[in-house]
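Scroll down for the structure; my scribbles are underneath it.
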Amino acid sequence: RKLWNSFVSMFPNFYNMTQTKRSNGKQVQMVLLDKNSLDNYFSETVTAMYYKGVVRRMWKVCPPVLFIMGTIGNLLSALVMTRKRLRKSTTSMFLVALAITDTLVLWTGLLRHWLKNEFNTELREKSNLSCKIHYFCVRYFTDFSCYLIVAMTMERFVSIFFPHKSKFWCTTRNT
């Protein structure tokens, strides 16, 4: 029985290839081994190893592309929204803050996972302080980004439903 359990633990999917029968009042476990069942098991293992390699290559390529494209896109958005003509709009102020916040979300959130998968270093395990700072930054920037979108939506709501009062309520100073 111990030998059987150790064999099953070595090959977790192998248990699906067994059948239990009763013979002379005893329970007998028969192994349904044939060439197809073993080929299926090992082909699943090879497929899993292939996908693991694909995921590893994706972790090498995708995060740097996201860092570069996301940072450049958010910087361009912030530069366009800070032009003199657009600077007077409250919505552009929200969008500038959102571009900056989204860049910080990108760098604090994705950077940790990229370093962990690519270089096997965990930012949160460096020290207790780095763990707390990183956790706070990720949560704060992510939540702040959501609150900026909610505030911008509320400002648009006030502008549409209370157009005369919005000139006093929705100013760049209040934003």
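The values are calculated or read from the model by the stated rules, or taken from the named source; none is laboratory data. These numbers were taken from a predicted model, which means no experiment stands behind them. Glycine also receives a Cβ, built like all others from the backbone with ideal geometry; neighbour counts cover every protein chain displayed. Note: areas computed on protein heavy atoms with side chains; ligands, DNA, RNA excluded. Shrake-Rupley method; radii C 1.70, N 1.55, O 1.52, S 1.80 Å.
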Can you name the residue in the range 90-124 that is open to solvent by 40 Å² or more (accessible area, probe 1.4 Å) and aromatic (Phe, Trp, Tyr) and, of all such residues, is farthest from HIS134 (Cα to Cα)?
PHE119
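Which of the residues belonging to the range 150-159 are touching a helix residue (DSSP H, G or I) at 6+ places or on another chain (Cβ under 8 Å) and either open to solvent by 80 Å² or more (accessible area, probe 1.4 Å) or of a type in the set (Gly, Ala, Ser) (or both)?
The answer is ALA151, ARG156, SER159.
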Candidate set: the range 125-149, residues that are among the aliphatic types (A, V, I, L, M) and closer than 27 Å to TRP169 by Cβ; chosen: the one least open to solvent (accessible area, probe 1.4 Å):
LEU148
Residues that are touching a Leu at 6+ places or on another chain (Cβ under 8 Å) and within 23 Å of PRO64 (Cα to Cα): list the helices (runs of 4 or more DSSP H) wholly contained in the range 94-175 that include at least 1 such residues.
111-119, 128-161
From the set of residues in the range 160-173 that are open to solvent by less than 100 Å² (accessible area, probe 1.4 Å) and under 21 Å from ARG87 (Cα atoms), which is farthest from the chain's Cα centre (by Cα)?
PRO163
Residue count, the range 74-89, condition open to solvent by 30 Å² or more (accessible area, probe 1.4 Å) and in a helix (DSSP H, G or I), comes to 7
